[in-house]
Amino acid sequence: MGEPIRAGAVDQDMFDRSRRIEWLDLDAVSNAKILMVGAGAIGNEVAKDLVLSGFKRITVVDMDHVVGSNLSRCLFFSEHDAKEKANKARVVAKGMKELADDLEVVSFASRIEDMPGSVFKDHDIVMGCLDNVAARIHVGSHAYAADRVLVDGAMDGFVGKVMVARPPDGACLQCGMNRTHSKIASLRFSCTGKDLVFHEPRVPAEITTTSVVAAVMVREALKVVSGKHENLLSNCFYYDGLRNVSEEMEVPRDPDCPVHARQP
Amino acid sequence: MKNAETGATVEMELENENTVDEVIESAATFWSKDMGAYVLRKGKKVLRGGSNLGESGIRADDVLELIPDPEGGRL
């Protein structure tokens with residue numbers, strides 16, 4: 001005989017309602033290794049949605065510390081964290097652990113560019129929660145080279161975007177970039193004569209767009225690990241919260257983009 | 001050419017040899033856009049920056065749309 005059933009057990013299981021979604025493979029979700037790059041506004045929302053969706057093995061990378069202006073969009077940050085200049089990745093990891101005690105979460109107070117390249121291969125999916133083109137180029141090219149799906153989110157005010165880059169055949173992040181991206185990427189860096197300084201942009205941001213972008217990102221990750229590939233975003237989800245419009249856009253693979261041009 | 005943020009439109013005289021990058025920069029300058037990333041699309045398709053309009057299959061009277069490509073999310 002199997003396990004005896006218990007009255008009311010369905011309401012004790014945290015994931016009972018998720019199990020009722022037939023295509024959702026919760027075993028695959030809990031076994032998938034997620035690399036979350038960036039633990040700011042989108043990162044906080046993605047972290048919350050990942051844990052509540054059943055992901056159990058998560059690595060968080062962010063070199064930055066919490067500041068007061070983050071608090072309007074970041075569930076896991078507090079005034080105390082801002083005062084202490086606590087590292088974002090550490091605070092988010094701690095907050096995730098409070099949501100699910102059995103979570104295996106590791107945090108790195110580091111730039112992704114300073115992490116070993118093998119970090120991409122060591123995970124199944126990369127969640128890009130970044131704030132600048134230069135970091136996206138780094139993460140996008142490394143995830144693609146490591147043959148890992150990248151789910152990248154971005155926003156500006158009430159406009160949000162999610163792109164899913166699926167190697168080896170799909171478009172990568174750089175396939176959707178042009179000269180305006182190169183210009184702003186180069187503007188982020190300036191030479192002081194002694195050092196190279198990185199200027200981080202402060203863009204308009206608010207929590208409702210952040211939430212929409214993060215939710216779409218985690219939903220795509222759920223589809224990836226559950227093998228629901230036919231329903232994945234084929235390219236790019238574009239959202240305009242001011243006009244209440246969202247649509248899927250096609251980003252064609254560019255054989256001449258820096259990532260694909262290097263492929264044999 | 002349509003400005004996705006304002007709905008404004010403007011007619012552009014273009015040649016097949018003009019690149020998508022050139023069109024984006026001209027439109028962004030015309031509308032005094034903030035420094036930032038923009039993409040050009042025709043219908044649901046994002047046009048490749050380095051390609052020219054002939055290669056991209058753009059014809060006279062096509063409506064192209066300039067849309068901002070958001071960058072933020074961490075700060």
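Annotation: A:SER18 fulfils all but one of (1) of a type in the set (Ser, Thr, Tyr); (2) in contact (Cβ under 8 Å) with a residue 60 or more places away in the chain; (3) more than 14 Å from chain B (Cβ to nearest Cβ); the unmet one is (2). If the condition is being touching a helix residue (DSSP H, G or I) at 6+ places or on another chain (Cβ under 9 Å), at the interface with chain A (Cβ under 10 Å from one of its Cβ atoms) and either on the phi > 0 side of the Ramachandran plot or touching a residue at least 12 places away in the same chain (Cβ under 8 Å) (or both), then the stretch B:34-65 contributes B:GLY36, B:ALA37, B:TYR38, B:VAL39, B:LEU40, B:LEU47, B:ARG48, B:GLY49, B:GLY50, B:SER51, B:SER56.
Restricting attention to the stretch A:250-263, the residues that are more than 23 Å from A:ALA134 (Cβ to Cβ) and either open to solvent by less than 70 Å² (accessible area, probe 1.4 Å) or of a type in the set (Lys, Arg) (or both) add up to 1. Of all residues in the stretch A:149-181, those being open to solvent by 10 Å² or more (accessible area, probe 1.4 Å) and under 13 Å from the mean Cα position of the chain (by Cα) number 2. When the residues of the stretch A:131-141 are narrowed to those that are of a type outside the set (A, V, I, L, M) and without any contact (Cβ under 8 Å) to a residue 60 or more places away in the chain, which ends up surrounded by the most Cβ atoms within 10 Å (Cβ to Cβ)? Across the stretch A:131-141, the extreme among qualifying residues is A:ARG136. Within the stretch A:228-245, if we keep just the residues that are in a loop (DSSP other than H, G, I, E, B) and open to solvent by 40 Å² or more (accessible area, probe 1.4 Å), the residue that is farthest from A:GLY160 (Cα to Cα) turns out to be A:LYS228.
Could we say that B:SER26 is over 30 Å from A:LYS88 (Cβ atoms), under 12 Å from the mean Cα position of the chain (by Cα) and surrounded by fewer than 18 Cβ atoms within 10 Å (Cβ to Cβ) here? When the stated conditions are applied, B:SER26 passes them.
The values are calculated or read from the model by the stated rules, or taken from the named source; none is laboratory data. What you are looking at is a predicted structure, and each value in this text was computed from that prediction instead of being measured. As a convention, Cβ positions derive from the backbone with ideal geometry for all residues, glycine included, and neighbour counts pool all protein chains shown. Accessible surface areas use protein heavy atoms only, side chains included; no ligands, DNA or RNA. Shrake-Rupley method; radii C 1.70, N 1.55, O 1.52, S 1.80 Å.
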